[in-house]
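K.L.:
Sending over a structure as structure tokens; questions will come in a sec.
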Amino acid sequence: MHPAQTVGKIRRNVETVIRGKPDAVELALVGLLAGGHILIEDVPGVGKTMLARALAQSIHGAFRRIQFTPDLLPSDILGVSIYREDTGRFTFQPGPVFANIVLADEINRTTPRTQSSLLEAMNDGQVTIDGATHVLERPFMVLATQNPVDVAGTYPLPENQLDRFLLRIRMGYPAPQDEIAILKDQKIRHPIETLEPVASGADVTALQQAVREVKVSEKLAEYIVALSGATRASGQFLLPASPRASLALFRTAQARALSQNRDYVLPDDVKSTAVATLAHRLLVKGSLERTGHRRADQAVEKLLATVPVPL
């Protein structure tokens, strides 16, 4: 099957559950195709968890949900070595991170120590317990949800962990007509209960490889670097975009192009993914926690309006 057909089937399947949010679904697919992790930030009740579940069920992947709470420990996520009296040896008991799609629900409700336990898994696709390295099955993706930082009982994610998320997306409230459709859809039961897979893990791995083959012209590579460079030259950021941010934007542009049935990147692919890819990696001078992300979004939008687009 052609990559675009597979992507289209996954998109349509997820949209039967996530009503009226094509941009959020598109970015979730971009993250999946690019082999990255996604941070979904919004208020409770707008479909963050359902987006993760719908994506997992659509690709027939092993799905595990971890509810992050203040008393959660790293071993509750990664697993633990248990002594077996019958064998006289320690046996590793894998934690819920050993799945294709892991939902880290309300990740900012747990302590920074527990939050950071995901870093090796997200960065290297493996976890190390008691000196032994355990490789995670591919595809592997973390979809973390978080409530806004001004909600009671939250711990802001540290910058090094935010940088491990390829994209940060927001769901937003549905339009009235979409909310009415949601009520009708769930009159008897939730659509997620009958959602059938339309792709496999092998299909996703093939799509991720196809993304790497999408062509990016020299001028567009220069445009991506110019956007990151503009954050370093502007003087308004305590933490500007790093080379890792440039690579992330490069990869999300490739994934977006593939999702649009193209084997080459256009400037619109870069512009449409730039805010979601760059803003959460930036730290604006003088911003408070509750305004930082919003100001970073605005700063990236301003850069998109001022940095020349290659012709």
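Taken together, the values in this text are just the output of simple stated rules run on the coordinates, not laboratory data. Model, not experiment: these values are computed from the prediction. Don't worry about glycine lacking a Cβ; one is built from the backbone with ideal geometry, like all the others, and counts go over all protein chains shown.
K.L.:
Along Cα→Cβ, 7 Å out, is where each label goes; now give me the distance between the ones at Asn123 and Asn160 in nm to one decimal.
P.N.:
With each label placed 7 Å out from Cα toward Cβ, I get 0.6 nm.
K.L.:
Mind putting a number on the dipole of the chain about its Cα centre? Charges go on the C-beta only, +1 for Lys and Arg and -1 for Asp and Glu, and I need it in Debye to the nearest 20.
P.N.:
Rounded to the nearest 20 debye, it is 500 debye.
K.L.:
By DSSP, what percent of the beta bridges with both residues in the chain are antiparallel, rounded to the nearest 5?
P.N.:
40 percent
K.L.:
Considering the dipole of segment 11-156 built from charges on the beta carbon (Lys and Arg +1, Asp and Glu -1) around the Cα centre, which of Ala54, Thr133, Ala104 is farthest to its positive end?
P.N.:
Ala54
K.L.:
Now a separate question. Ranking request for peptides 81-90, 249-258, 3-12: highest mean number of other beta-carbon atoms within 10 Å first, then the rest in descending order.
P.N.:
Ranking, from highest mean packing down: 249-258, 3-12, 81-90.
K.L.:
Hey, what number do you get for the chain at 222 nm if only DSSP H runs of n ≥ 4 count, each worth -39500 (n - 2.57), divided across all residues, to the nearest 500?
P.N.:
-13500 deg cm²/dmol
K.L.:
Another question, if that's okay. Based on the mean of other beta carbon atoms within 10 Å per residue, what is the order of 32-40, 69-77, 240-248, most packed first?
P.N.:
Most protected by this proxy first, the peptides run 32-40, 240-248, 69-77.
K.L.:
Here is a follow-up. Under unit Cβ charges (Lys, Arg +1; Asp, Glu -1), what dipole magnitude, rounded to 20 debye, does segment 214-311 have relative to its Cα centre?
P.N.:
The dipole magnitude comes to about 240 debye.
K.L.:
Determine the dipole magnitude for segment 36-192: charges of +1 sit on the beta-carbon of Lys and Arg, -1 on that of Asp and Glu, nothing else is charged, the reference point is the Cα centre, and the result goes in debye to the nearest 20.
P.N.:
So the dipole magnitude of segment 36-192 works out to roughly 440 debye.
K.L.:
Find the relative contact order for segment 214-311 and round it to a whole percent, using C-alpha pairs within less than 8 Å whose residues are 6+ positions apart.
P.N.:
Relative contact order here is 34 percent.
K.L.:
Let me ask something additional. Please give every one of the lysines within straight-line cross-link reach of Lys184, meaning a C-alpha to C-alpha distance under 26 Å, and leave out same-chain neighbours fewer than 8 residues apart.
P.N.:
Answer for Lys184, where 26 Å is the Cα cut-off: Lys9, Lys21, Lys48, listed by chain and number.
K.L.:
Let me ask something else about it. Straight-line reach only, C-alpha to C-alpha below 20 angstrom: list the lysines that Lys285 could link to, leaving out same-chain residues fewer than 8 apart.
P.N.:
Filter leaves Lys302.
K.L.:
Shifting gears a bit: Could you tell me whether segment 138-275 comes out rounded, prolate or oblate from its Cα gyration tensor? Rule is a ≥ b ≥ c as square roots of the eigenvalues, rounded for a/c under 1.5, then prolate if a/b exceeds b/c, otherwise oblate.
P.N.:
oblate
K.L.:
Would you please classify the overall shape of segment 196-242 from the alpha carbon gyration tensor, given that a ≥ b ≥ c denote the square roots of the eigenvalues, rounded means a/c under 1.5, and beyond that prolate means a/b larger than b/c while oblate covers the rest?
P.N.:
In terms of gyration-tensor shape, oblate.
K.L.:
Test of understanding: what is the full-extension gain from Asp263 to Ile188, defined as 0.36 nm times their sequence separation minus their Cα-Cα distance?
P.N.:
Between Asp263 and Ile188, full extension yields an extra 22.8 nm.
K.L.:
Express in nm, to one decimal, how much length is gained between Ile180 and Gln5 on full extension, taking 0.36 nm for each residue of separation and deducting their alpha carbon distance.
P.N.:
60.0 nm
K.L.:
Determine the principal axes of the Cα atoms in segment 214-311, then give the extent along each, sorted from largest to smallest and rounded to whole angstroms.
P.N.:
41, 23, 22
K.L.:
Please name whichever of Val30, Met122, Tyr83 sits farthest to the positive end of the charge dipole of segment 1-125, dipole taken about the Cα centre and charges placed at Cβ: Lys and Arg +1, Asp and Glu -1.
P.N.:
It is Val30.
K.L.:
Oh, and also: Explain nothing, just the number: relative contact order of the chain, from Cα pairs under 8 Å at least 6 residues apart, as a whole percent.
P.N.:
Rounded, it is 22 percent for the chain.
K.L.:
Of the listed values (1) 19.8, 70; (2) 18.8, 54; (3) 20.8, 73, grab the one calculated as Rg and Dmax of the Cα atoms in Å from the structure here.
P.N.:
Evaluating Rg and Dmax of the Cα atoms in Å on these atoms matches (1).
K.L.:
At 0.36 nm per residue, and after removing the present C-alpha to C-alpha distance, how many nm does the segment from Gln93 to Lys219 gain when stretched out fully?
P.N.:
Gain in length upon complete extension: 40.4 nm.
K.L.:
Using Cα pairs under 8 angstrom and six or more residues apart, how large is the relative contact order of segment 118-263, in percent?
P.N.:
19 percent
K.L.:
Compare Asn160, Asn108, Asn13 in a GNM of the chain, Cα atoms joined below 10 Å, and give the one with the largest fluctuation.
P.N.:
Looking only at Asn160, Asn108, Asn13, the largest GNM fluctuation is found for Asn160.
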